[in-house]
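**Q** Quick one: structure below, then a few questions.
Taken together, the values in this text are just the output of simple stated rules run on the coordinates, not laboratory data. From a predicted model like this one, the values you see are computed outputs, not experimental measurements. FYI the Cβ positions are ideal-geometry reconstructions off the backbone, even for glycines, and counts take in every protein chain you see.
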Amino acid sequence: MPVELSSARCKLRQWTASDRAPFAAMNADPVVMRHFPSLLTRQESDAMAERCEGAIADRGWGLWALEIPGVTKFAGFVGLNEPSWTAHFTPCVEVGWRLAAEFHGKGYATEAAREAVTYGFEKLFLTEIVALTIPDNTPSRRVMEKLGMVRDVHADFDHPRIEPGHRTARHVLYRLDRPSSRAK
Ligand SMILES: CC(C)(COP(=O)(O)OP(=O)(O)OC[C@H]1O[C@@H](n2cnc3c(N)ncnc32)[C@H](O)[C@@H]1OP(=O)(O)O)[C@@H](O)C(=O)NCCC(=O)NCCS
C-alpha cells in the first residue's frame, strides 16, 4: 500500500497521471535545473515519474509527489531514495527534493522532508539518512542544515552518473543519524 505522509501544510502522496505535465514543465525549467547537468525532456521526465511511482507501488515509500492542499495539487517531489549507483557511502537511503520555482522559499521542502526523515527513522528503522548536492546549491544545503544534517567534510565525491570534470560532478555529502543512536 502506498504510504502517505502529512504535515501542517504538505501532503506526500503517490503519483498520479495528472502530475506528469507539471513535473515535465518543472524539469524543463532552467531555474529549477540550474544545479543539474541538463534539463529533462518530456520522455525523461515521464520515465523519472514512473520510477518514483513504481517504487512507491512496490514498497510503499520513495520520492513522493508533494501536494500543498488548498494551494496546488503538485509542487514537486520530496522523499527517500536508494541510489542505484555506487559510491563510497552506498548502499544508503538519501532524502531528496525538487520543487517548481513558484513554490521555492516558502519552507515547503524543509517541512515535507522532515516528515520523510521521521518516517525513515521510525518506520523503516534506518540508522542513517544522507543527502547530497553540488557545493553551490545553497538552498538545498540550507534545507539539509535545517533538518539537522551535518556535512561530512571527508566525504566529497564525484557523482558516478555525471561526466567527470563537468561543473556539476563534484558533490558534498550530509549525514543524519537515527535520533536514538545519538542518545546517551
Ligand atoms: C532546494 C529546494 C527544494 C529548496 O526548497 P525551498 O522550499 O525553497 O526550501 P525552504 O524554503 O524550506 O528553504 C530554503 C532555504 O534556502 C534559502 N535560500 C533560498 N534561495 C536561496 C539562494 N538563492 N541563496 C541562498 N539561500 C537561499 C532560504 O532562505 C531558506 O533558508 P532559511 O530558512 O535559512 O531562510 C528548491 O530550491 C529546489 O527545488 N531547487 C531546485 C532543485 C534542486 O536543486 N533540488 C535539490 C537537488 S540536491
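**Q** Among the listed residues E44, E53, which satisfies the condition of being out of contact with any Ser or Thr (no Cβ under 6 Å at 6 or more places or on another chain) and surrounded by fewer than 16 Cβ atoms within 10 Å (Cβ to Cβ)?
**A** The match here is E44.
**Q** Taking the condition among the aromatic types (F, W, Y), within 13 Å of the ligand (Cβ to nearest atom) and within 22 Å of R9 (Cβ to Cβ), does Y119 pass?
**A** It is false that Y119 is among the aromatic types (F, W, Y), within 13 Å of the ligand (Cβ to nearest atom) and within 22 Å of R9 (Cβ to Cβ).
**Q** Across the range 5-23, what is the number of residues that are assigned to a loop (DSSP other than H, G, I, E, B) and aromatic (F, W, Y)?
**A** 1
**Q** Among the residues of the range 53-70, count how many are free of Cβ contacts under 8 Å to residues at least 40 places away in the same chain and touching a helix residue (DSSP H, G or I) at 6+ places or on another chain (Cβ under 9 Å).
**A** 3
**Q** A further question follows. Please verify whether T118 is surrounded by fewer than 18 Cβ atoms within 10 Å (Cβ to Cβ), of a type in the set (V, I, T) and closer than 15 Å to L5 by Cβ, treating the condition exactly as stated.
**A** Against the criterion (surrounded by fewer than 18 Cβ atoms within 10 Å (Cβ to Cβ), of a type in the set (V, I, T) and closer than 15 Å to L5 by Cβ), T118 qualifies.
**Q** Taking only the range 105-164 into account, find how many residues are assigned to a loop (DSSP other than H, G, I, E, B) and not small (G, A, S).
**A** Residues flagged as assigned to a loop (DSSP other than H, G, I, E, B) and not small (G, A, S) within the range 105-164 amount to 22.
**Q** For the range 24-36, indicate whether the set of residues that are part of a loop (DSSP other than H, G, I, E, B), among the hydrophobic types (A, V, I, L, M, F, W, C) and touching a Gly at 6+ places or on another chain (Cβ under 7 Å) is non-empty.
**A** The answer is no; no qualifying residue exists.
**Q** Go through the range 107-116 and count every residue that is within 6 Å of the ligand (Cβ to nearest atom) and among the small types (G, A, S).
**A** Total meeting the criteria: 2.
**Q** From (1) within 7 Å of the ligand (Cβ to nearest atom); (2) over 18 Å from C52 (Cβ atoms); (3) among the aliphatic types (A, V, I, L, M), pick out the condition that doesn't hold for L132.
**A** L132 satisfies all of (1) within 7 Å of the ligand (Cβ to nearest atom); (2) over 18 Å from C52 (Cβ atoms); (3) among the aliphatic types (A, V, I, L, M) except (2).
**Q** Report yes if some residue within the range 87-106 is closer than 29 Å to H166 by Cβ, surrounded by fewer than 16 Cβ atoms within 10 Å (Cβ to Cβ), in contact (Cβ under 8 Å) with a residue 12 or more places away in the chain and away from the ligand (no atom under 13 Å from the Cβ); otherwise report no.
**A** Within the range 87-106, one or more residues are closer than 29 Å to H166 by Cβ, surrounded by fewer than 16 Cβ atoms within 10 Å (Cβ to Cβ), in contact (Cβ under 8 Å) with a residue 12 or more places away in the chain and away from the ligand (no atom under 13 Å from the Cβ).
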